[in-house]
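So the structure is just underneath, and the comments pick up after that.
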Amino acid sequence: MVPCAEGESTINSPYLVPFALRTSGCNGSQEQGSDSAPVQTIAFTIIQHQCSTDNCKDICIEELDVHSLGLQAALHKIESKVPKGSLLVTNGISAIRQVLHPLALRLSFKLSALFYKFINISRHEALPILKNCSLEEELASVRDRIRYLCKE
């Protein structure tokens, strides 16, 4: 899915939220979530998305220590900071589908609607992210891809 094409937004949300996490186990893009390891850190950025003006403004960049907060508290903190109607943007599906959803089920809590709808920014072309890149580097790559696609 391309967020913007020919100056027209295909997204109804004014805010895009690049989202990444790291577990205590495998963290490569292909194997993350395959070992059911707990989440250690979550990072996200809030981007005010305005394709028609070629302006994407970062509002917030935050990294949460899930190990000390707990997964449910960390997710609630994200939900409280992210504007209503925002859309998550991930590099692949594993952070959401293979990590968060199974962990929430195992820990017996329900994820909010924010974590059920997202854009896989690497759906058509994988982002050049190294296996051991930092969360900041991954978020920067996702933000750069959003800006690139908005210019098309």
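The values are calculated or read from the model by the stated rules, or taken from the named source; none is laboratory data. Quick caveat: nothing in here was measured; it's all calculated off a predicted structure. Reconstructed Cβ throughout: ideal geometry from the backbone, glycine too, with neighbour counts over all protein chains shown.
Give all pairs with beta carbons closer than 7 Å in which a residue from segment 128-140 that is closer than 13 Å to Leu21 by Cβ meets a residue that is assigned to a loop (DSSP other than H, G, I, E, B) and at pLDDT below 85; count only pairs at least 6 apart in sequence or on separate chains.
Every condition considered, the pairs that remain are Glu138/Ile129.
Quick check: is even one residue across segment 8-21 over 15 Å from the mean Cα position of the chain (by Cα), assigned to a strand (DSSP E or B) and at pLDDT below 90?
There is at least one residue in segment 8-21 that is over 15 Å from the mean Cα position of the chain (by Cα), assigned to a strand (DSSP E or B) and at pLDDT below 90.
Mind checking which pairs have a first residue in segment 70-86 that is in contact (Cβ under 8 Å) with a residue 12 or more places away in the chain and surrounded by 12 or more Cβ atoms within 10 Å (Cβ to Cβ) and a second that is in a loop (DSSP other than H, G, I, E, B) and hydrophobic (A, V, I, L, M, F, W, C), Cβ under 6 Å, 6 or more apart or different chains?
Gln72/Phe109
How many residues does segment 71-99 contain that are assigned to a loop (DSSP other than H, G, I, E, B) and more than 14 Å from the chain's Cα centre (by Cα)?
Number satisfying all stated conditions: 3.
Which of (1) in contact with a Ser or Thr (Cβ under 8 Å, 6 or more places away or on another chain); (2) at pLDDT 95 or above is the odd one out, the single condition Ala74 does not satisfy?
Of everything listed in (1) in contact with a Ser or Thr (Cβ under 8 Å, 6 or more places away or on another chain); (2) at pLDDT 95 or above, Ala74 misses just condition (1).
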